[in-house]
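Structure first, then comments.
The values are calculated or read from the model by the stated rules, or taken from the named source; none is laboratory data. Note that the structure is a prediction, hence the values are computed from the model and not measured. Please note: Cβ atoms are built from the backbone with ideal geometry, for glycine as well, and neighbour counts cover all protein chains shown.
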Amino acid sequence: MLDSVKIARRQSEIRQALAELVGKDKPTEDETRSMSDRDQEYRTNETRYRAALTAEDQERREAGADLETRSDREWSDLVGRFELRQVAFALDEGRALNGATKEIVEELRNAGGYQGIPVPFAALETRAGETVAVDVPNPKTIRPIIDRIFPGSVAERLGVQRINITSGELAFPVATAGAIFGWQTNELANVGAASEYQTAERILNPDHTGGAQMVISRKALKQAGEGLEAAIRRDLNAVLGTEFDRVVINGSGAAGEPLGFIPGAATYGITETAVGATATWAAFRAEVVAFMQANAITSASQVNLGFDPAIWAALDDALISGTAVSEWDRLTKHVGTPAISNVIPGETAIMTANVQGPDRACHRGLHCPARFANPHPDRHR
């Protein structure tokens, strides 16, 4: 724990003790002496506290981020007690925040850059074991709210990772050139000229802003209690996750949206292959071979694959002549079960591979989006 935090906690204890002693009409000599000693300690601690902040400020600058005053587990436990109801009442009726909610809001405000009442993103995550109930006597049994249906994340299945950037931008150095092996004809011969080790930076910059809003009546908040808050939190979290998934894959790059890696294939240096035929295992196998030839993978099971439901239907419907084995069976035998989602545009398949991190998944000529012809040609004659 930081020295400044320890001192601040001690100051709080001293203030509480002094408040109890000052409230007495006739303090004893020991109590008077205690007040004097605590007052002196409090003054000394003020100097120590400023010195601790000065020392810790340099550490904060070197770390390039806000200095944490609690462990990740402590913060997670604290966020787990955050109540959105208190935020709603504070905005609607001007009520004061209390408990863990107040502590989190104050800590976020101290970090700077927030207006209104900041809400940590982690507070929107689903909490295990939550149920829905009402806070008023009622003979009716209330079951958990049946949430709206949202698609599962296909971006995560394709190897996309979510990275939290607290401030500024994040740079990933990527090696682009390095050593070259050579042979010599005799012991004193040269094995070749020295090669330069080169890198290029991949920059992540959080320059897109989006959000979701929900209208909740005061009556619902007051009568439904924590159960409604849990359902709202799950809904908001699902909405955010679904939209993040969509823009990662198919974002337009306009009207504030990030540019997804299908519309932005050329921008990101992603190889796009027009197959021009019905989807088959042979077409996917050709792309797997391209990954292997680029030294990205050594096994077909190492690729991440995703496509729209129509391609799944075409693969499952196409049987190998004289057998009950489908093209889908052949595909899953080698690459596992692909991610199937209507987030991916029709007649489009995405193949990625994580090579030394997510940055190399779709560049350096690796074959990612592949566009097929109509997966059901017989249906549109």
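Being in a loop (DSSP other than H, G, I, E, B) and surrounded by 15 or more Cβ atoms within 10 Å (Cβ to Cβ) is a description that applies to Ile216.
Condition check for Lys26 on (1) of a type in the set (Lys, Arg); (2) loosely packed, with under 11 Cβ neighbours inside 10 Å; (3) closer than 15 Å to Ser4 by Cα: one failure, at (3).
Of the numbered criteria (1) in a helix (DSSP H, G or I); (2) more than 20 Å from the chain's Cα centre (by Cα), the one Glu243 fails is (2). Mind checking whether some residue in segment 185-193 is surrounded by 10 or more Cβ atoms within 10 Å (Cβ to Cβ) and under 17 Å from the mean Cα position of the chain (by Cα)? No, because not a single residue in segment 185-193 is surrounded by 10 or more Cβ atoms within 10 Å (Cβ to Cβ) and under 17 Å from the mean Cα position of the chain (by Cα).
Out of Thr271, Thr278, one residue alone is touching a Leu at 6+ places or on another chain (Cβ under 8 Å) and either surrounded by 21 or more Cβ atoms within 10 Å (Cβ to Cβ) or modelled with pLDDT under 90 (or both). It is Thr271. Evaluating Ala314 against the criteria (1) in a helix (DSSP H, G or I); (2) in contact with a helix residue (DSSP H, G or I) (Cβ under 7 Å, 6 or more places away or on another chain); (3) of a type in the set (Gly, Ala, Ser); (4) at pLDDT 90 or above leaves one unmet condition, (2). Scan segment 245-275 for residues that are in the same structural domain as Ile350 (by TED's automatic domain parsing) and of a type in the set (D, E, K, R) and the total you get is 1. When the criteria are applied in full, Ala224 fails the requirement of being modelled with pLDDT of 80 or more and surrounded by 10 or more Cβ atoms within 10 Å (Cβ to Cβ).
Taking segment 260-290 as the region of interest, how many residues are hydrophobic (A, V, I, L, M, F, W, C) and under 18 Å from Gly346 (Cβ atoms)?
Going residue by residue through segment 260-290, those that are hydrophobic (A, V, I, L, M, F, W, C) are 261-262, 265-266, 270, 274-275, 277, 279, 281-284, 286, 288-290.
Then drop every residue that is not under 18 Å from Gly346 (Cβ atoms), which leaves 261-262, 265, 274-275, 277, 279, 283-284.
Adding up the residues that qualify gives 9.
Among residues of segment 139-169 being more than 28 Å from Asn342 (Cβ to Cβ) and surrounded by 10 or more Cβ atoms within 10 Å (Cβ to Cβ), the one that is modelled with the highest pLDDT is Glu169. Reported count of residues in segment 257-281, each being not charged (D, E, K, R) and not in a loop (DSSP other than H, G, I, E, B), is 9.
Number of residues in segment 169-207 that are within 30 Å of Thr267 (Cα to Cα), of a type outside the set (Val, Ile, Thr) and part of a loop (DSSP other than H, G, I, E, B): the value is 9.
Among the residues making up segment 88-101, a single one is over 11 Å from Leu78 (Cβ atoms) and either among the basic types (Lys, Arg) or in contact with a Phe, Trp or Tyr (Cβ under 6 Å, 6 or more places away or on another chain) (or both): Arg95. Scanning segment 325-338 turns up at least one residue that is within 30 Å of His208 (Cβ to Cβ) and buried (at least 17 other Cβ atoms within 10 Å of the Cβ).
Within segment 285-295, being under 24 Å from Val343 (Cβ atoms) and either in contact with a helix residue (DSSP H, G or I) (Cβ under 6 Å, 6 or more places away or on another chain) or not in a helix (DSSP H, G or I) (or both) holds for one residue alone: Val288. Against the list (1) touching a helix residue (DSSP H, G or I) at 6+ places or on another chain (Cβ under 6 Å); (2) part of a loop (DSSP other than H, G, I, E, B); (3) of a type outside the set (Asp, Glu), the condition Arg233 fails is (2).
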